[in-house]
There are 2 protein chains.
Amino acid sequence: MRMSELSGATGIPVATVKFYLREGLLPAGTPISATSAVYDGTHVERLRLIRALIEGAALSIAQVRRVTQTLDNPPDTWHGMLGTAQSVLCGPADEGVETAPADALLRRLGWAVGECSPARADLARALARLDAGGISVSPQDLDGYAASAQAAAVIDVAALPTDTPEAALRRAVVGTVLLDNVLIALRRLAQEDVSARTFAGRRTSGAATGAAIAETSRSTG
Amino acid sequence: MRMSELSGATGIPVATVKFYLREGLLPAGTPISATSAVYDGTHVERLRLIRALIEGAALSIAQVRRVTQTLDNPPDTWHGMLGTAQSVLCGPADEGVETAPADALLRRLGWAVGECSPARADLARALARLDAGGISVSPQDLDGYAASAQAAAVIDVAALPTDTPEAALRRAVVGTVLLDNVLIALRRLAQEDVSARTFAGRRTSGAATGAAIAETSRSTG
DNA sequence: ACAACTGGACAGTAACACTATCCAATATTG
DNA sequence: CAATATTGGATAGTGTTACTGTCCAGTTGT
């Protein structure tokens, strides 16, 4: 197919397709003459992926480029797959962040994570921002959140395809990023459910005890 | 304190403080003359909150304004608190999204969520983008992710302060948004841990069976 | 008196993700 | 074969967002 058909098949304007080609997100088509090239199903698929990452996961062009470059150039260990997936979303290496709370939490959990893992810095940053926002979370609650995250991670890893490295990489990179949104939405919905069962119509003047909340919450499992 | 001191206390430039005042994110100081006003600790706290939401949770100015307006004007039911927190992050009401998968999942879970809950639309969108990105997730895995999200939500609701509505609202709004990042970082780290235990050094040429993955994962709980 | 500072208005900037215009070379059509 | 349309590449422009810089009248401190 020609570029205009590619555009028609995906709903993405030709000018934007050219832009993605220029930015290296979309591989060039196979040239059939000096001024023409043809595209195929892989280009349609790649374009859909680019839109899902940009619109859905709010990745920047540079981050999408890292994803697509990784897809075109996979690492050779299974463990490297998820590491690559993570490096896509890592923030800049902030030196001024207090890493002690994050380090303490990870030590308590006993997780096997690298000292320089980008996600470790992200955790430190996120905890620092909780503090800046005036939110305090008890160590017990943090452990609970960690257990919840681990349950998701176990599903993530078990769902990795084991047939081809390409499939595993795609799943690791794209699934990790796009499933973030699913998990966030599910957490909001679960909050609504738990909150409804706990506080059903209660006015803010009434006080709910932690025990009552826990009791009501337990019944929703 | 004067505006320049407020700026010094938070590290935010005076011009930016003026901008936040103009945008209605920061309440005006109490005027002491026709051209001067004084600010206090609540303004410092509010500025730190604004920065945490903008830098940490990547909220837009408009979303931060919704948060601060809600903080200044709280709803009067406990359940409304979390609903308000959720409406802050809801995307636009997209009509063209396939809601059937999200509805099916929620029906299966039996959660008490409103038909028009913004998070429901967000879930539908996120699932649609998974599809567009070429990622398929089994119903069992979705149920697993939902259980993980619910575990987090139970902690969220139990951690709501019950003394004053203001504290509860602040926790609901700010904590929900800022804890998203903590949960995402924890999921990445847990992936690294689970992946390390499952695939330790294995090359992509070797095949790992789902049973082996599940077995290894179980030992990490 | 007089420089310094204050807060408000308004225009300017930088980054980002496109989007529109132009162009030479080629394809298509009558 | 001539006229027209289309292609891909280069380049410049647009709209949005979150600030940031400049100016100014009024007020404050010395």
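Any read-out appearing in this document is the output of simple, stated calculations on the displayed coordinates, not a laboratory observation. On a predicted model such as this, the values are computed, not experimentally measured, just so you know. Note that each Cβ is placed from the backbone with ideal geometry, even for glycine, and that neighbours are counted across all protein chains shown.
Brief remarks on what is shown
- Our Cα-only numbers for segment B:109-175 put the radius of gyration and Dmax at 15.2, 47 Å.
- Across the identical copies, the label point of A:R107 (7 Å from Cα in the Cβ direction) is separated from its matches by 5.1 nm, in order from shortest.
- Longest to shortest principal axis, alpha-carbon extents of segment B:143-203, angstrom: 55, 21, 14
- √(5λ) per eigenvalue of the Cα gyration tensor, chain B, largest first, Å: 41, 22, 17
- Positive dipole terminus of segment A:1-160, leading residue within A:L47, A:V14, A:V137 (C-beta point charges): A:V14
- Nonlocal amide H pairs with A:V38, under 5 Å, H built at 1.01 Å: A:T30, A:I32
- One Cα centroid belongs to segment A:86-149, the other to segment B:1-45; the line between them spans 31 Å.
- Both the radius of gyration and Dmax for the protein assembly as shown are 23.2, 76 Å, in that order, over alpha-carbon atoms.
- Placing a label point 7 Å from the Cα of A:A58 along the Cα-to-Cβ direction, the distances to the matching points in the other copies come to 0.5 nm, shortest first.
- For segment B:1-73, the Cα-based Rg and Dmax, in that order, read 11.9, 37 Å.
- Where rotation carries B onto A, the chain B residue whose Cβ is nearest that axis, in whole Å: B:S148, 2
- Between the helical axis of B:61-72 and the longest alpha-carbon principal axis of chain B there is an angle of about 70 degrees.
- Helix axis angle, A:78-89 relative to chain A longest principal axis, alpha carbon, degrees: 80 degrees
- Among the residues of A:36-49, the average count of other protein chain beta-carbon atoms within 10 Å of the residue beta-carbon is 1.
- Of the GluC sites (Glu not before Pro) in segment A:90-175, those whose Cβ has at most 10 other Cβ within 10 Å and which sit in DSSP loop: A:E95, A:E115
- Pseudo-label separations to other copies for B:D76 - Cα-to-Cβ vector, 7 Å, nm: 7.0
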